[in-house]
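Would you mind keeping the following structure in view while I ask a few things?
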Amino acid sequence: MKPKLIIGVLAIVGFTSLLMYNFGNSISTYVNFEEAENRSTSHVIGNWDNSQEYGFSRDTMQFSFHMKDEDGNVRRVVYPRPKPNNFEQATQLVVIGEMRNNIFHADEMLMKCPSKYNENPEFELATGGES
Amino acid sequence: MIAKIGHLLLSGAFVASIAALILYAIAAVKEDKTIEKISNWLWGIKGVFLCISSVALIYLIMTHQFQYYYVWNYTSLDLETQYLISAFYGGQEGSFMLWIFCGFIVGLGLIKWTRKPYRAPVMFVMTLTQMFLLSMVVGWDLNFTQIGATPFRTIAQEMPNAPFILANPDFVPSDGSGLNDLLKSPWMMIHPPVIFIGFAMMTVPFAFAIASLWTKTYHEWIRPALPWTLAANLSLLTAIFLGGYWAYETLSFGGYWAWDPVENASLVPWLLGTAGIHAMIIQRKSSRAHKASLFFAIMAYVTIIYQTFLTRSGVLADQSVHSFVDLGLYGQLLAFIVVMLVVGVGFYLYRYRELPSPQEESKFLSREFMTFTGSMLLFILGFVIILGTSSPILGKLFVANPTPPDIQFYNDWSMPIAIIMAIATVFGQYLFWQKHNWESLAGVLILPLLITSVATVLSIVLGDVRNLYYMVFIFAAWFTVIGNASVMLHLLRKNPKLVGGTVTHIGFGALLLGIIASSVYTEPLLDQRTANYNQRVLAGDVFDDEGFPVTQQIEMFELEINRPKLINNKYMVTYEGFDVSDSPRPGQQTYRLRFEPVDGGSTFYMDPVVYPMLTSSSADNIEWSVDPHVRTGWLSDIYLYVAGSQYVEQRNEELERQNRRDPMMPVGEENGESTDVQNIEIHIGETISAGPFNFTFREFVPAAEEVLPENTQIGIRALIRVEHEPSGNAYDVEPLFAVYNEDGRSYTYSPPLEIESWGMNVMFSRVHPESDSIELTVHGLDENFEEDWILVVAEKKPFVSVVWLGTFLLMAGFSISILRHWKREKDTQKRSSAKS
């Protein structure tokens, strides 16, 4: 009984610590544009700055717009896909990607839409990331 | 008036549930039949009150009483009847009511069917959960705090400080803000009810588990609880399937699964419910695993409440931008989860020492061990997913402001767990029906292993699988399908009623095959140029203006009208145009794309739709939404949507111009006629460019008598080729020029010829004999003219059909098992009542 119990406890401790270690690595923290300068991948929350030009360019095949992060830094964001559904409607944006030379290259964009509860995800994951 | 009644009855239902709760407790403690009867009546009264107030809410919605916030927020005048009804549960409050309603119906079933020692305690737990749910919608404004949010509150109550309410307290909006367009789908009508039926039924094993702890009868409870758990699982599975299919087919989320917290919210209870089913089956067969089946039955429900808490309290809203209205229910939801944890886990721990434990350890090669392994793995997977979903709370252990985990986190953990699970199902099924030792097991497994190897090798070769990990995964999945199928064949000969388990496991294997094929081997459909570009991006050979390497690939392609493009070296794709119609959605465009497989195969069309979102568009901004076209096939699906089009861009520009309403705009711009006329003087054989067009005067062509006016002196046609240079499209036109006499005077006659798709008119207006040239007058020649174009995003997803097939098999297996266990439970009841 005793050795089995020890093995069991060790297995559980080992599993849990591995899981937590991996979990800790797979999450990151939200940053602002300035902090994003020195990181490889960043999540930035902010709002669309609609005072400046935005839109999809058929030459570069990119959607570009300006976003103001929560600390008020405004940067141009480019996104290699068409303008997502619900873009103008979003009350909050999250862009995930890399900051290069003062331009944020977003690989993924999440839109938070104004308050409406429904049974399905309210915001859209703009890139298809299914399992 | 009606709203008052609805509101009062909801309060009445809440009070009735409190009364029933107390009486059920007394009935359970004193084992008093009369008190139990009274509580049953209270249960019924509570249900009737709830039904009437639901009808009242539906009535308010149907009669468009927009002074009520709920009606105004989720419906509008133009909503079709079926969506008006489903708008009832379109909001958070209504969805709680639907949940309570499902729980009420389940409770009626329990009152009718539950056996003696369990009925009162089971109903006590059911009432407890109903009381909490009702408290979310009573909307009592006690002075110090607010309990719940009623769906019957008026706009004035919701926003007392809004300017229009201050100006006029009786303000009634003329129209509602409408149901989100994405929810106007037949799926919306069935998906939420099925979820809540599942949630309500999952309360039953929880209630039985508590009742068993209460009455200290740890063996019998699983017999009545098992069919309910199976049915709850079937409902949740159906709901998950409907949600996934909806997301894939119409919502353009890009796939059927995204590890989204809301999706996880129904997956985790399903996993734990399935773990519970496995434990219950061991307990029934071999009288062990009592602790596990109690634990999983409790946890399945606790996770439902926990995920409800996560998704509805606003915890996720702050951090992971999942949006749910925060109705200020945080405290109540927290109380709900805490009470369920205390009642469930607390009671479980309190009784833990008394719970029967097995006399001896089970052997490795036994059905008990294998089935138990299965349920532990399901639990571990559920635990991993809960951990990921809880990142806004638990992530704080690691970083200050945590983001959700990468999708990779879920994939990394679920894949190895799924592989072990898959293999355990086969061993488990073989051992379930017959005792084996290593030798005999190896003997029966030879044939299935052989077939599995062949299938795996074929899949690897045909699918060009290069990754060793995926190979193992594919092997495990095939092994599950084939191993379980051989057990099933064996059972079919013996007793077909027993095949439920094997069918479920075959479905699981098929699901794994479908998931790996459709997610890992999805490929974008692209034209050659874009594909080459992406390859150069991969190689790091593309640089932007500032000299930084471009890392992002392009995953869409452009099509110009009637200009075929070769896509993936497989299809000649031609954009043939679009139609605008007002049905079912006003202003929707249906685009027409022709696909011609180059290797022979029949031509087909895809018709993706783009439409303006009514609820979120305003006079100065149209918001466009897409409705993808999915062409389903046995081998692969083509998933395609129009991500941009000339039509949409022009509409947006028009709108922008209107918004600016430039008062200085020259008058000529308005009627447009005078400015876009152009005269072109051209010699024979010469080519002249005008804007993006090239005009080539080929030759003169004699004109037929019939078309010429009477008394014609000269009648001649000019063969003109008009080419749109950017696209290369060209038309040949032969405009006519004639000079005729009438009343002694000469007139010219030059009827315009129209090139319809460009909106252009060409006239042969004059002949210059002195310079040997002619003059063309062209109307509608736009300097910035562009051919119609669209941007297409398309993907080829192999074997999505197998994902659905696997899901259907799982459902079928569950259904077979429900019937079997339900029948046995009825038979036992009959026998025991016959005895007494």
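The values are calculated or read from the model by the stated rules, or taken from the named source; none is laboratory data. Being a predicted model, the structure only gives us computed values, none of them experimental. Positions of Cβ are backbone-derived with ideal geometry, glycine not excepted, and every protein chain shown enters the neighbour counts.
For every residue, the table says whether it meets (1) of a type outside the set (A, V, I, L, M); (2) surrounded by 14 or more Cβ atoms within 10 Å (Cβ to Cβ); (3) touching a residue at least 40 places away in the same chain (Cβ under 8 Å).
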{"position": "B:F427", "(1), (2), (3)": "yes, yes, yes"}
{"position": "B:A442", "(1), (2), (3)": "no, no, no"}
{"position": "B:L449", "(1), (2), (3)": "no, yes, no"}
{"position": "B:S453", "(1), (2), (3)": "yes, yes, no"}
{"position": "B:I474", "(1), (2), (3)": "no, yes, yes"}
{"position": "B:F479", "(1), (2), (3)": "yes, yes, yes"}
{"position": "B:I482", "(1), (2), (3)": "no, yes, no"}
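Could you list, in sequence order, the residues of region B:597-616 that are crowded, with 16+ Cβ neighbours inside 10 Å, in a strand (DSSP E or B) and not aromatic (F, W, Y)?
Across region B:597-616, the qualifying residues are B:M606, B:V609, B:V610, B:P612.
With the requirement that a residue be touching a residue at least 60 places away in the same chain (Cβ under 8 Å) and either over 19 Å from B:F96 (Cα atoms) or of a type in the set (V, I, T) (or both), what does region B:22-62 give you?
B:Y24, B:A25, B:A27, B:A28, B:E31, B:E36, B:S39, B:N40
Under the condition of being buried (at least 23 other Cβ atoms within 10 Å of the Cβ) and outside any helix (DSSP H, G or I), which residue from region B:79-112 is farthest from the other protein chains (Cβ to nearest Cβ)?
So the residue we want is B:F88.
Could I ask something else about it? So how many residues does region B:556-596 have that are assigned to a strand (DSSP E or B) and closer than 26 Å to B:S625 by Cα?
24
When you scan region B:739-761, do you find a residue that is in contact with a Ser or Thr (Cβ under 9 Å, 6 or more places away or on another chain), within 30 Å of B:R223 (Cα to Cα) and either exposed (fewer than 13 other Cβ atoms within 10 Å of the Cβ) or not charged (D, E, K, R) (or both), even just one?
Within region B:739-761 (the criterion being in contact with a Ser or Thr (Cβ under 9 Å, 6 or more places away or on another chain), within 30 Å of B:R223 (Cα to Cα) and either exposed (fewer than 13 other Cβ atoms within 10 Å of the Cβ) or not charged (D, E, K, R) (or both)), the answer is no, since none of the residues qualifies.
What residue, of B:V499, B:V580, B:V598, B:V542, is out of contact with any Asp or Glu (no Cβ under 7 Å at 6 or more places or on another chain) and within 13 Å of another protein chain (Cβ to nearest Cβ)?
B:V542
Just wondering, is there one or more residues in region B:495-515 that are assigned to a helix (DSSP H, G or I), farther than 18 Å from B:L805 by Cα and either modelled with pLDDT of 95 or more or charged (D, E, K, R) (or both)?
Taking every residue of region B:495-515 in turn, at least one turns out to be assigned to a helix (DSSP H, G or I), farther than 18 Å from B:L805 by Cα and either modelled with pLDDT of 95 or more or charged (D, E, K, R) (or both).
Quick one: is B:L381 out of contact with any His (no Cβ under 8 Å at 6 or more places or on another chain), under 30 Å from B:L445 (Cβ atoms), surrounded by 21 or more Cβ atoms within 10 Å (Cβ to Cβ) and within 12 Å of chain A (Cβ to nearest Cβ)?
yes
Rundown of residues vs (1) assigned to a strand (DSSP E or B); (2) within 36 Å of the chain's Cα centre (by Cα); (3) touching a residue at least 24 places away in the same chain (Cβ under 8 Å), yes/no style:
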site: B:F737; (1), (2), (3): yes, no, yes
site: B:T748; (1), (2), (3): yes, no, no
site: B:V762; (1), (2), (3): yes, no, yes
site: B:R766; (1), (2), (3): yes, no, yes
site: B:I790; (1), (2), (3): yes, yes, yes
site: B:G806; (1), (2), (3): no, yes, yes
site: B:M811; (1), (2), (3): no, yes, yes
site: B:E825; (1), (2), (3): no, no, yes
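Between B:Y641, B:Y611, which is touching a strand residue (DSSP E or B) at 6+ places or on another chain (Cβ under 6 Å), over 23 Å from B:S801 (Cα atoms) and aromatic (F, W, Y)?
Just a single option satisfies the conditions, and that option is B:Y611.
Spot the failing condition for A:F56; the list is (1) more than 8 Å from every other protein chain (Cβ to nearest Cβ); (2) part of a strand (DSSP E or B); (3) out of contact with any helix residue (DSSP H, G or I) (no Cβ under 8 Å at 6 or more places or on another chain), and only one is missed.
The number of the failed condition is (1).
If you don't mind, another one. Just to be sure before I move on: is B:M201 away from chain A (no Cβ under 14 Å), under 24 Å from B:L237 (Cβ atoms) and either in contact with a Pro (Cβ under 8 Å, 6 or more places away or on another chain) or buried (at least 16 other Cβ atoms within 10 Å of the Cβ) (or both) in the structure I sent?
The answer is yes for B:M201.
Restricting the search to region B:64-78, which residues are farther than 18 Å from B:V138 by Cβ, within 14 Å of another protein chain (Cβ to nearest Cβ) and of a type in the set (F, W, Y)?
B:W72, B:Y74
Please verify whether B:A275 is modelled with pLDDT of 95 or more and on the phi < 0 side of the Ramachandran plot, treating the condition exactly as stated.
It is true that B:A275 is modelled with pLDDT of 95 or more and on the phi < 0 side of the Ramachandran plot.
Please determine whether any residue of region B:536-551 is surrounded by fewer than 20 Cβ atoms within 10 Å (Cβ to Cβ), assigned to a strand (DSSP E or B) and without any contact (Cβ under 8 Å) to a residue 60 or more places away in the chain.
yes
Considering every residue within region B:515-532, establish whether at least one is out of contact with any Gly (no Cβ under 8 Å at 6 or more places or on another chain) and aromatic (F, W, Y).
No: region B:515-532 contains no residue that is out of contact with any Gly (no Cβ under 8 Å at 6 or more places or on another chain) and aromatic (F, W, Y).
Residue by residue through region B:88-113, note down the ones that are without any contact (Cβ under 8 Å) to a residue 40 or more places away in the chain and touching a Gly at 6+ places or on another chain (Cβ under 8 Å).
B:F88 - this is the single residue of region B:88-113 that is without any contact (Cβ under 8 Å) to a residue 40 or more places away in the chain and touching a Gly at 6+ places or on another chain (Cβ under 8 Å).
Quick test for you: out of B:F164, B:F132, B:F124, B:F144, pick the one residue that is assigned to a helix (DSSP H, G or I), surrounded by fewer than 23 Cβ atoms within 10 Å (Cβ to Cβ) and assigned by TED's automatic domain parsing to the domain that holds B:W41.
That would be B:F132, the only listed residue that is assigned to a helix (DSSP H, G or I), surrounded by fewer than 23 Cβ atoms within 10 Å (Cβ to Cβ) and assigned by TED's automatic domain parsing to the domain that holds B:W41.
While we're here: Going by the conditions given, is B:Y248 crowded, with 24+ Cβ neighbours inside 10 Å, in a helix (DSSP H, G or I), within 14 Å of chain A (Cβ to nearest Cβ) and touching a helix residue (DSSP H, G or I) at 6+ places or on another chain (Cβ under 9 Å)?
Answer is yes for this residue.
Name every residue in region B:180-196 that is at the interface with another protein chain (Cβ under 9 Å from one of its Cβ atoms) and under 19 Å from B:P612 (Cα atoms), in order of residue number.
B:N180, B:L182, B:L183
Hey, among the residues in region A:1-52 that are part of a helix (DSSP H, G or I), surrounded by 11 or more Cβ atoms within 10 Å (Cβ to Cβ) and aliphatic (A, V, I, L, M), which one's farthest from the other protein chains (Cβ to nearest Cβ)?
Result: A:A36.
Here is a list of conditions, (1) free of Cβ contacts under 8 Å to residues at least 60 places away in the same chain; (2) within 20 Å of the chain's Cα centre (by Cα), and A:F33 meets all of them except one; can you say which number that is?
A:F33 satisfies all of (1) free of Cβ contacts under 8 Å to residues at least 60 places away in the same chain; (2) within 20 Å of the chain's Cα centre (by Cα) except (1).
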